[in-house]
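All remarks here apply to the structure that follows.
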Amino acid sequence: LDPAIANPGGNAPQLSQREREVLRWLVDGQSNGQIATRLQISPETVKSHVSNVLGKLGVPTRQQAALLAVRLDLVES
């Protein structure tokens, strides 16, 4: 991870409300299709949100995004 991202003392990335919702379901291990169904949006829209989240968090995978979200307390349990 980028040291600035890995450091919990740093500023948390600015995620939109929808990106936080998508990230919350990523933490739960949901697929794009499952997230789309829950949020009543298209899987393509979920894919776009996931890409945005990965970019803002500076991580290459969903799993790393989920781990970082938990570490930085970015989502509600």
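Structural remarks
- Filter result (touching a Lys or Arg at 6+ places or on another chain (Cβ under 9 Å) and not in a helix (DSSP H, G or I)) within segment 54-76: L74, V75, E76
- Residue in segment 35-43 that is on the phi > 0 side of the Ramachandran plot and at pLDDT 95 or above present: yes
- Once segment 19-53 is narrowed to residues that are assigned to a helix (DSSP H, G or I) and of a type in the set (S, T, Y), the residue that is nearest to D73 (Cα to Cα) is S51.
- For segment 55-77, residues that are of a type outside the set (V, I, T), free of Cβ contacts under 8 Å to residues at least 60 places away in the same chain and crowded, with 18+ Cβ neighbours inside 10 Å total 5.
- Going through (1) without any contact (Cβ under 8 Å) to a residue 40 or more places away in the chain; (2) open to solvent by 70 Å² or more (accessible area, probe 1.4 Å); (3) of a type outside the set (A, V, I, L, M) one by one, S48 falls short only on (2).
The values are calculated or read from the model by the stated rules, or taken from the named source; none is laboratory data. Predicted model only: the values in this text are computed from it and were never measured. All Cβ positions, even for glycine, are placed from backbone atoms using ideal geometry, and neighbour counts span all protein chains on display. Surface areas here come from the heavy atoms of the whole protein model, side chains and all, with no ligands, DNA or RNA. Shrake-Rupley method; radii C 1.70, N 1.55, O 1.52, S 1.80 Å.
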